[in-house]
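Worksheet for the structure shown next.
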Amino acid sequence: TGSSRPQRMLKAVQKNATKGDPQSVISAIDHYCRHKEWAMNVGDDKGLILDSVLTEVNPSTALELGTYCGYSTVRIARLLSPGSKLITVEFNPAFAEVARQIIAYAGLQDKVTVVEGPSGDLIPKMKERFGIRYFDFVFLDHWKDRYVPDTKLLEDCGLLKKGTVLLADNVICPGAPEYLKYVRNSAHYESRYYKSNLEYTKVEDGLEKSVFLG
Ligand SMILES: O=C(NCCCOCn1ccc2cnccc21)c1cc(-c2ccc(F)cc2)cc(O)c1O
Ligand SMILES: [Mg+2]
(Lines give C-alpha, C1' and ligand atoms only; values in the text may rest on other atoms or scores of the structure.)
(Ligands and ions follow the chains in the order given, each with its own letter.)
Protein backbone atom coordinates (compact mmCIF):
# COMPACT_ATOMS: atom_id res chain seq x y z
CA THR A 1 0.00 0.00 0.00
CA GLY A 2 1.10 3.59 -0.50
CA SER A 3 2.17 6.18 2.05
CA SER A 4 -0.25 7.86 4.43
CA ARG A 5 -0.92 11.60 4.67
CA PRO A 6 1.11 11.85 7.89
CA GLN A 7 4.02 10.02 6.21
CA ARG A 8 3.86 12.44 3.25
CA MET A 9 3.85 15.33 5.73
CA LEU A 10 6.98 13.90 7.40
CA LYS A 11 8.68 13.64 3.97
CA ALA A 12 7.82 17.29 3.29
CA VAL A 13 9.44 18.28 6.61
CA GLN A 14 12.59 16.22 5.89
CA LYS A 15 12.80 17.78 2.40
CA ASN A 16 11.97 21.43 3.16
CA ALA A 17 12.84 22.11 6.81
CA THR A 18 16.20 22.56 8.55
CA LYS A 19 17.02 19.95 11.21
CA GLY A 20 16.91 21.52 14.68
CA ASP A 21 14.96 24.57 13.50
CA PRO A 22 11.38 24.39 14.85
CA GLN A 23 10.13 27.43 12.91
CA SER A 24 11.23 25.84 9.60
CA VAL A 25 9.36 22.63 10.55
CA ILE A 26 6.20 24.67 11.27
CA SER A 27 6.54 26.57 7.97
CA ALA A 28 7.18 23.38 5.97
CA ILE A 29 4.02 21.75 7.35
CA ASP A 30 1.90 24.87 6.81
CA HIS A 31 3.14 25.20 3.22
CA TYR A 32 2.47 21.49 2.50
CA CYS A 33 -1.03 21.57 4.04
CA ARG A 34 -1.99 24.84 2.34
CA HIS A 35 -0.71 23.96 -1.15
CA LYS A 36 -0.63 20.15 -1.34
CA GLU A 37 -2.88 18.30 1.16
CA TRP A 38 -5.11 19.75 3.86
CA ALA A 39 -4.51 18.20 7.30
CA MET A 40 -5.99 18.81 10.74
CA ASN A 41 -3.08 20.75 12.27
CA VAL A 42 -4.07 23.77 14.35
CA GLY A 43 -2.45 25.76 11.50
CA ASP A 44 -0.82 29.17 11.21
CA ASP A 45 -3.82 31.42 11.96
CA LYS A 46 -4.92 29.69 15.19
CA GLY A 47 -1.22 28.89 15.77
CA LEU A 48 -0.46 32.57 16.34
CA ILE A 49 -3.16 32.69 19.06
CA LEU A 50 -1.71 29.50 20.60
CA ASP A 51 1.74 31.15 20.60
CA SER A 52 0.46 34.29 22.32
CA VAL A 53 -1.46 32.40 25.03
CA LEU A 54 1.59 30.18 25.64
CA THR A 55 3.95 33.14 25.92
CA GLU A 56 1.56 34.70 28.48
CA VAL A 57 1.23 31.48 30.56
CA ASN A 58 4.88 30.32 30.22
CA PRO A 59 3.95 26.85 31.59
CA SER A 60 6.39 24.60 33.50
CA THR A 61 4.21 21.55 32.80
CA ALA A 62 1.91 21.39 29.79
CA LEU A 63 -0.47 18.71 28.48
CA GLU A 64 -1.67 18.29 24.89
CA LEU A 65 -4.58 15.96 24.11
CA GLY A 66 -4.35 15.09 20.40
CA THR A 67 -0.82 15.02 18.97
CA TYR A 68 -1.65 14.00 15.38
CA CYS A 69 1.64 14.72 13.50
CA GLY A 70 3.14 16.92 16.20
CA TYR A 71 2.59 20.34 14.55
CA SER A 72 1.07 21.98 17.66
CA THR A 73 3.46 19.94 19.82
CA VAL A 74 6.38 21.70 18.04
CA ARG A 75 4.58 25.08 18.32
CA ILE A 76 4.19 24.59 22.08
CA ALA A 77 7.57 22.98 22.86
CA ARG A 78 9.57 25.64 20.96
CA LEU A 79 8.19 28.30 23.34
CA LEU A 80 8.76 26.40 26.61
CA SER A 81 11.40 27.73 29.04
CA PRO A 82 14.43 25.48 29.80
CA GLY A 83 13.42 22.64 32.13
CA SER A 84 9.71 22.86 31.25
CA LYS A 85 7.95 19.73 29.97
CA LEU A 86 5.16 18.91 27.54
CA ILE A 87 3.25 15.63 27.65
CA THR A 88 1.23 14.92 24.51
CA VAL A 89 -1.35 12.12 24.23
CA GLU A 90 -2.11 10.37 20.94
CA PHE A 91 -4.60 7.51 20.43
CA ASN A 92 -3.38 6.40 16.99
CA PRO A 93 0.03 4.62 17.05
CA ALA A 94 0.80 5.50 13.40
CA PHE A 95 0.19 9.20 14.11
CA ALA A 96 2.31 8.98 17.28
CA GLU A 97 5.21 7.45 15.32
CA VAL A 98 5.20 10.24 12.72
CA ALA A 99 4.87 12.85 15.48
CA ARG A 100 7.95 11.52 17.33
CA GLN A 101 9.98 11.88 14.12
CA ILE A 102 8.74 15.42 13.42
CA ILE A 103 9.36 16.48 17.05
CA ALA A 104 12.89 14.98 16.87
CA TYR A 105 13.56 16.68 13.51
CA ALA A 106 12.73 20.00 15.21
CA GLY A 107 15.22 19.09 17.98
CA LEU A 108 12.56 19.26 20.71
CA GLN A 109 12.55 15.61 21.84
CA ASP A 110 14.06 16.44 25.25
CA LYS A 111 11.09 18.68 26.15
CA VAL A 112 8.33 16.38 24.90
CA THR A 113 6.93 13.00 25.95
CA VAL A 114 4.56 11.39 23.42
CA VAL A 115 2.20 8.97 25.22
CA GLU A 116 -0.01 6.56 23.28
CA GLY A 117 -3.48 5.61 24.41
CA PRO A 118 -6.95 6.90 25.28
CA SER A 119 -6.98 10.13 27.34
CA GLY A 120 -9.61 8.70 29.71
CA ASP A 121 -7.21 5.96 30.78
CA LEU A 122 -4.01 8.06 30.77
CA ILE A 123 -5.13 11.18 32.66
CA PRO A 124 -5.63 9.29 35.97
CA LYS A 125 -2.09 7.87 35.58
CA MET A 126 -0.28 11.19 34.96
CA LYS A 127 0.77 11.67 38.59
CA GLU A 128 2.13 8.15 39.19
CA ARG A 129 3.69 7.71 35.71
CA PHE A 130 5.20 11.13 35.07
CA GLY A 131 5.45 12.66 38.55
CA ILE A 132 3.06 15.44 37.53
CA ARG A 133 1.55 17.41 40.45
CA TYR A 134 -0.56 19.62 38.19
CA PHE A 135 -0.59 21.14 34.67
CA ASP A 136 -0.18 24.87 34.09
CA PHE A 137 -1.50 24.62 30.54
CA VAL A 138 -3.71 22.12 28.65
CA PHE A 139 -4.31 22.16 24.87
CA LEU A 140 -7.45 20.20 23.92
CA ASP A 141 -7.37 19.02 20.31
CA HIS A 142 -8.63 15.43 20.35
CA TRP A 143 -12.16 13.97 19.90
CA LYS A 144 -14.46 16.95 20.43
CA ASP A 145 -16.92 14.91 22.53
CA ARG A 146 -14.05 14.09 24.94
CA TYR A 147 -13.37 17.73 25.84
CA VAL A 148 -15.98 17.80 28.66
CA PRO A 149 -15.35 14.35 30.21
CA ASP A 150 -11.58 14.88 30.12
CA THR A 151 -11.82 18.37 31.64
CA LYS A 152 -13.91 16.90 34.48
CA LEU A 153 -11.36 14.08 34.82
CA LEU A 154 -8.47 16.57 35.06
CA GLU A 155 -10.40 18.40 37.83
CA ASP A 156 -11.22 15.17 39.70
CA CYS A 157 -7.60 13.94 39.49
CA GLY A 158 -6.36 17.21 41.03
CA LEU A 159 -4.31 17.99 37.91
CA LEU A 160 -5.54 21.60 37.60
CA LYS A 161 -4.45 24.39 39.91
CA LYS A 162 -5.80 27.93 40.39
CA GLY A 163 -4.72 29.73 37.20
CA THR A 164 -4.30 26.68 34.97
CA VAL A 165 -5.19 27.66 31.41
CA LEU A 166 -7.20 25.33 29.16
CA LEU A 167 -7.07 26.17 25.44
CA ALA A 168 -9.50 24.23 23.23
CA ASP A 169 -9.21 23.95 19.44
CA ASN A 170 -12.19 23.63 17.05
CA VAL A 171 -14.89 24.97 19.33
CA ILE A 172 -16.79 26.13 16.18
CA CYS A 173 -15.61 23.68 13.47
CA PRO A 174 -16.10 20.73 13.87
CA GLY A 175 -17.50 22.27 17.08
CA ALA A 176 -17.58 21.44 20.77
CA PRO A 177 -20.94 22.89 21.88
CA GLU A 178 -21.22 20.96 25.14
CA TYR A 179 -17.68 22.09 26.09
CA LEU A 180 -18.52 25.76 25.44
CA LYS A 181 -21.64 25.40 27.62
CA TYR A 182 -19.62 23.68 30.34
CA VAL A 183 -16.76 26.17 30.69
CA ARG A 184 -18.88 29.29 30.01
CA ASN A 185 -21.55 28.40 32.59
CA SER A 186 -19.19 27.14 35.30
CA ALA A 187 -18.22 29.36 38.24
CA HIS A 188 -14.90 27.50 38.22
CA TYR A 189 -13.76 28.94 34.87
CA GLU A 190 -13.22 32.37 33.32
CA SER A 191 -13.63 31.82 29.55
CA ARG A 192 -12.88 33.83 26.42
CA TYR A 193 -13.36 33.01 22.72
CA TYR A 194 -10.63 33.82 20.18
CA LYS A 195 -12.22 34.00 16.71
CA SER A 196 -10.09 32.66 13.85
CA ASN A 197 -10.29 30.32 10.86
CA LEU A 198 -10.31 26.58 10.41
CA GLU A 199 -6.74 25.67 9.48
CA TYR A 200 -5.80 26.54 5.85
CA THR A 201 -9.38 27.65 5.02
CA LYS A 202 -11.67 30.69 5.20
CA VAL A 203 -14.20 28.79 7.32
CA GLU A 204 -14.72 30.26 10.80
CA ASP A 205 -13.28 28.39 13.75
CA GLY A 206 -11.79 29.55 17.03
CA LEU A 207 -10.05 28.72 20.28
CA GLU A 208 -11.69 28.93 23.72
CA LYS A 209 -9.34 29.94 26.53
CA SER A 210 -10.59 29.00 30.00
CA VAL A 211 -8.75 29.85 33.23
CA PHE A 212 -9.44 27.46 36.13
CA LEU A 213 -10.37 29.50 39.21
CA GLY A 214 -9.98 26.63 41.70
O1 LIG B 1 -11.03 15.50 14.71
C2 LIG B 1 -10.17 16.34 14.93
N3 LIG B 1 -9.21 16.15 15.83
C4 LIG B 1 -9.20 14.90 16.63
C5 LIG B 1 -8.48 13.78 15.89
C6 LIG B 1 -8.66 12.46 16.60
O7 LIG B 1 -8.24 12.53 17.96
C8 LIG B 1 -8.33 11.29 18.65
N9 LIG B 1 -7.49 11.36 19.82
C10 LIG B 1 -6.26 11.94 19.87
C11 LIG B 1 -5.77 11.75 21.13
C12 LIG B 1 -6.72 11.03 21.88
C13 LIG B 1 -6.76 10.55 23.20
N14 LIG B 1 -7.82 9.86 23.62
C15 LIG B 1 -8.87 9.63 22.79
C16 LIG B 1 -8.91 10.10 21.47
C17 LIG B 1 -7.79 10.80 21.04
C18 LIG B 1 -10.14 17.60 14.11
C19 LIG B 1 -10.95 17.65 12.96
C20 LIG B 1 -10.93 18.79 12.15
C21 LIG B 1 -11.80 18.87 10.93
C22 LIG B 1 -12.41 20.07 10.58
C23 LIG B 1 -13.21 20.15 9.44
C24 LIG B 1 -13.40 19.02 8.66
F25 LIG B 1 -14.14 19.09 7.54
C26 LIG B 1 -12.79 17.82 9.01
C27 LIG B 1 -11.98 17.74 10.13
C28 LIG B 1 -10.09 19.89 12.45
C29 LIG B 1 -9.30 19.82 13.60
O30 LIG B 1 -8.48 20.86 13.93
C31 LIG B 1 -9.33 18.70 14.43
O32 LIG B 1 -8.53 18.71 15.55
MG1 LIG C 1 -7.83 20.69 15.95
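A few notes on this one:
- Failed item, numbered, when residue 56 is tested on (1) crowded, with 21+ Cβ neighbours inside 10 Å; (2) away from ligand 1 (no atom under 13 Å from the Cβ); (3) among the charged types (D, E, K, R): (1)
- Any chance residue 78 is farther than 29 Å from residue 156 by Cα, away from ligand 2 (no atom under 15 Å from the Cβ), touching a strand residue (DSSP E or B) at 6+ places or on another chain (Cβ under 6 Å) and among the basic types (Lys, Arg): no
- Which listed residue is within 14 Å of the chain's Cα centre (by Cα), within 16 Å of ligand 1 (Cβ to nearest atom) and over 20 Å from residue 144 (Cβ atoms), from 30, 51, 44: 44
- Test: residue in the stretch 175-183 that is at pLDDT 95 or above, more than 21 Å from residue 72 (Cβ to Cβ), within 16 Å of ligand 2 (Cβ to nearest atom) and not basic (Lys, Arg): yes
- Residues that are outside any loop (DSSP other than H, G, I, E, B), of a type outside the set (Lys, Arg) and loosely packed, with under 13 Cβ neighbours inside 10 Å, drawn from the stretch 179-200: 185
- Test set (1) in contact (Cβ under 8 Å) with a residue 40 or more places away in the chain; (2) buried (at least 17 other Cβ atoms within 10 Å of the Cβ); (3) out of contact with any Asp or Glu (no Cβ under 8 Å at 6 or more places or on another chain); (4) farther than 19 Å from residue 149 by Cα - residue 94 fails condition number: (2)
- Within the stretch 93-146, being of a type in the set (Asp, Glu) and more than 28 Å from residue 183 (Cβ to Cβ) holds for 97, 110.
So that you can scan it fast, the table gives a plain yes or no per residue for (1) among the hydroxyl-bearing types (Ser, Thr, Tyr); (2) surrounded by fewer than 21 Cβ atoms within 10 Å (Cβ to Cβ):
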residue: 120; (1), (2): no, yes
residue: 126; (1), (2): no, no
residue: 139; (1), (2): no, no
residue: 150; (1), (2): no, no
residue: 156; (1), (2): no, yes
residue: 161; (1), (2): no, yes
residue: 202; (1), (2): no, yes
residue: 210; (1), (2): yes, no
residue: 213; (1), (2): no, yes
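- Count of the stretch 200-214 residues which are of a type in the set (Ser, Thr, Tyr) and touching a residue at least 60 places away in the same chain (Cβ under 8 Å): 2
- Neighbours by Cβ (under 6 Å, 6+ apart or cross-chain): first from the stretch 178-199, touching a residue at least 12 places away in the same chain (Cβ under 8 Å); second within 16 Å of ligand 2 (Cβ to nearest atom) and in a loop (DSSP other than H, G, I, E, B): 199/41
- Options 136, 156, 121, 141; residue that is within 11 Å of ligand 1 (Cβ to nearest atom), of a type outside the set (Phe, Trp, Tyr) and in contact with a helix residue (DSSP H, G or I) (Cβ under 9 Å, 6 or more places away or on another chain): 141
Per-residue answers, yes or no, for (1) in contact with a Ser or Thr (Cβ under 7 Å, 6 or more places away or on another chain); (2) of a type in the set (Gly, Ala, Ser):
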{"residue": "3", "(1), (2)": "no, yes"}
{"residue": "43", "(1), (2)": "no, yes"}
{"residue": "57", "(1), (2)": "no, no"}
{"residue": "96", "(1), (2)": "yes, yes"}
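- Filtering 103, 87, 29 for residues that are farther than 25 Å from residue 194 by Cα, of a type in the set (A, V, I, L, M) and in contact (Cβ under 8 Å) with a residue 24 or more places away in the chain leaves a single hit, 103.
- Scanning the stretch 172-214 for residues that are among the basic types (Lys, Arg) and over 16 Å from residue 42 (Cβ atoms) returns 181, 184, 192, 202.
- Answer from 115, 138 - the residue that is more than 16 Å from ligand 2 (Cβ to nearest atom), in contact with a Leu (Cβ under 7 Å, 6 or more places away or on another chain) and under 30 Å from residue 11 (Cα atoms): 115
The values are calculated or read from the model by the stated rules, or taken from the named source; none is laboratory data. Quantities reported herein were computed from a predicted structural model and do not represent experimental measurements. A quick note on method: Cβ atoms are made from the backbone with ideal geometry, for glycine too, and the neighbour counts reach across all protein chains shown.
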